[in-house]
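See below for the structure under consideration.
Derivation of every value follows stated rules applied to the coordinates shown; laboratory data play no part. Fair warning: this is a prediction, and the values are worked out from it, not measured in the lab. Cβ coordinates were reconstructed from backbone atoms using ideal geometry, including for glycine residues, and neighbour counts include every protein chain displayed.
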Amino acid sequence: MSIWALIKAGGWVMVPIIALSVVAWAVCVERLWSFRGWREKNREFLLSFQNHWLRGDRDSATKLCERADVVLAELARELLILMPDEPLNDRVRLRVDRRRVEQAAQFRRGLWLLGTIGSATPFVGLFGTVIGIIKAFQSMAESGAGGFTVVAAGISEALVATAGGIIVAVIAVFFYNYFQVRVGQLQFQLKLLTEELLEVFGVAGSGVKSADV
């Protein structure tokens, strides 16, 4: 049977299952694209910024912050404003901690959809199973006889709906767990990179404490 034939055999319950599958894949592709090269891009910015800053070329460092489209560039721009003449440790600590929390929320964007789809889709498939079984018994009642040919359509719909729900759920749960681990790694890398950025500004050893996210 073709994929389209299987979907038709699953009945109308396949519509929400397919819709949930599309949403899950959209979230996966968006997150994979967002995480792609995140560490390398921020590391490259940090090295370039450090090179300009330590040479005393503040103008070039500022222009680099304006051009770069990475989270460290945004944080560096804010630090340049907060620290015009000398380190402002309290304000620096608060801003760095707040920016880290904001970025952690960005890392997790959309992941709740994967978790919800992974937990809810099997029940949608189970609902399709119930509908298929009901149709099978209705066919038996209308024909007044039993046999495989009478209940085949209903049973087929039930099995296809169940399989569809399980497949979508497995994919969603797999990527949900993968992204949870990836987010943890990115948060740790963000912590290291922000501490290195503070060292470049000369405030890492002056009482700035970083909060874990």
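Computed from backbone phi, the HN-Hα couplings of the range 187-198 come to 5, 5, 5, 4, 4, 5, 5, 5, 5, 5, 5, 5 Hz, rounded to whole numbers (Karplus: 6.51 cos²θ - 1.76 cosθ + 1.60, θ = phi - 60°; Gly and Pro given as x).
May I ask you to order 30-42, 13-25 by the average number of other C-beta atoms within 10 Å around their residues, highest value first? All intermediate terms of the calculation are to be shown ahead of the outcome.
Details: 30-42: 14.2, 13-25: 18.2.
Top of the packing list down: 13-25, 30-42.
Rounded to whole Å, the principal axis extents of the Cα atoms in the range 100-139 read 60, 9, 7, largest first. The gain in end-to-end length when the Glu40 to Val22 segment is fully stretched comes to 3.5 nm, 0.36 nm per residue minus the alpha carbon separation. Separation of the range 5-82 from the range 113-127 is 28 Å, based on Cα centroids.
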